[in-house]
1. If I ask for residues that are more than 8 Å from the ligand (Cβ to nearest atom) and either in contact with a helix residue (DSSP H, G or I) (Cβ under 8 Å, 6 or more places away or on another chain) or more than 26 Å from residue 158 (Cα to Cα) (or both), which ones from the range 105-116 would you list?
2. Scan (1) in a loop (DSSP other than H, G, I, E, B); (2) modelled with pLDDT under 95 for the single condition residue 124 breaks and write down its number.
3. What is the number of the single condition among (1) in contact with a strand residue (DSSP E or B) (Cβ under 7 Å, 6 or more places away or on another chain); (2) touching a residue at least 24 places away in the same chain (Cβ under 8 Å); (3) surrounded by fewer than 21 Cβ atoms within 10 Å (Cβ to Cβ) that residue 54 does not meet?
4. Exactly one condition in (1) more than 21 Å from residue 154 (Cα to Cα); (2) touching a residue at least 12 places away in the same chain (Cβ under 8 Å); (3) away from the ligand (no atom under 15 Å from the Cβ) is false for residue 84; which is it?
5. Quick one: is residue 102 more than 9 Å from the ligand (Cβ to nearest atom) and either surrounded by fewer than 17 Cβ atoms within 10 Å (Cβ to Cβ) or under 26 Å from residue 17 (Cβ atoms) (or both)?
6. Looking for whichever is under 18 Å from residue 28 (Cα atoms) and modelled with pLDDT of 95 or more here; the options are 69, 75. Which one fits?
7. Give the residues of the range 137-163 that are surrounded by 11 or more Cβ atoms within 10 Å (Cβ to Cβ) and in contact (Cβ under 8 Å) with a residue 40 or more places away in the chain, sorted by residue number.
Ligand SMILES: CC(C)(COP(=O)(O)OP(=O)(O)OC[C@H]1O[C@@H](n2cnc3c(N)ncnc32)[C@H](O)[C@@H]1OP(=O)(O)O)[C@@H](O)C(=O)NCCC(=O)NCCS
């Protein structure tokens with residue numbers, strides 16, 4: 001239980017891949033390949049894992065593109081679900097994205113994934129659209145629901161963005 005266990009977050013590393021693949025295979029009807037996770041590590045994505053008493057029990061992968069992020073994958077090991085760990089992981093991921101200047105998060109979720117849909121709704125994600133037949137499923141295809149969340153930037157992130165804006169202006173002015 002999170003209340004009794006020591007919870008920690010860190011970035012995904014190559015040594016974590018075996019555990020992450022185990023969780024992914026148990027969680028996703030069409031699991032990502034190990035190559036996809038390697039690509040994430042080698043990219044500028046935000047890849048956070050959650051550890052409970054030093055055991056890796058979940059991960060959250062998000063793209064970071066200036067003010068926007070796409071939450072690509074979040075999973076908690078089935079044995080550790082419904083204990084508040086997904087919530088802690090999402091909080092941490094959003095906090096870190098916000099520090100990087102992200103104000104808008106997008107994601108897709110399977111129409112049939114009721115627990116994840118509840119999870120996102122509870123976290124103030126708004127259902128804004130549908131991708132028809134977006135996912136492969138056991139009996140063909142199923143729709144993907146698109147959710148977004150707008151976050152107010154932390155004051156630090158706002159100042160950083162403001163500074164970058166003016167630096168860019170100064171550089172382009174110098175270049176004539
Ligand atoms: C979605 C997921 C990450 C949630 O993680 P979790 O640790 O089980 O979630 P938490 O215990 O922190 O629950 C947070 C909230 O999510 C919702 N929720 C979580 N599991 C739920 C379930 N089985 N049924 C309904 N709502 C659920 C609830 O609103 C819950 O709040 P509450 O406990 O106050 O009711 C987890 O279910 C998971 O790994 N699922 C498989 C992978 C997946 O589908 N990822 C999303 C892909 S888009």
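1. Our first condition is that a residue be more than 8 Å from the ligand (Cβ to nearest atom); within the range 105-116, this holds for 105-106, 111-112.
Once the filter is applied, which keeps residues that are more than 8 Å from the ligand (Cβ to nearest atom) and either in contact with a helix residue (DSSP H, G or I) (Cβ under 8 Å, 6 or more places away or on another chain) or more than 26 Å from residue 158 (Cα to Cα) (or both), the range 105-116 yields 105, 111, 112.
2. Failing condition for residue 124: (2).
3. For residue 54, the failing item is (1).
4. Looking at each condition in turn, residue 84 falls short on (3).
5. yes
6. On the way: 69 fails: under 18 Å from residue 28 (Cα atoms).
On inspection, the qualifying residue turns out to be 75.
7. 137, 146, 147, 148, 149, 151, 153, 154, 156, 157, 160, 161
To keep it simple, each residue is scored yes or no on (1) in a helix (DSSP H, G or I); (2) within 16 Å of the ligand (Cβ to nearest atom).
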site: 91; (1), (2): yes, yes
site: 118; (1), (2): yes, yes
site: 130; (1), (2): no, yes
site: 143; (1), (2): no, yes
site: 153; (1), (2): no, no
site: 156; (1), (2): yes, no
site: 166; (1), (2): yes, no
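The values are calculated or read from the model by the stated rules, or taken from the named source; none is laboratory data. None of the values given here were measured: they were computed from a predicted structure. Because the Cβ atoms are built from the backbone with ideal geometry, glycine has one as well, and the counts that use them run over all protein chains shown.
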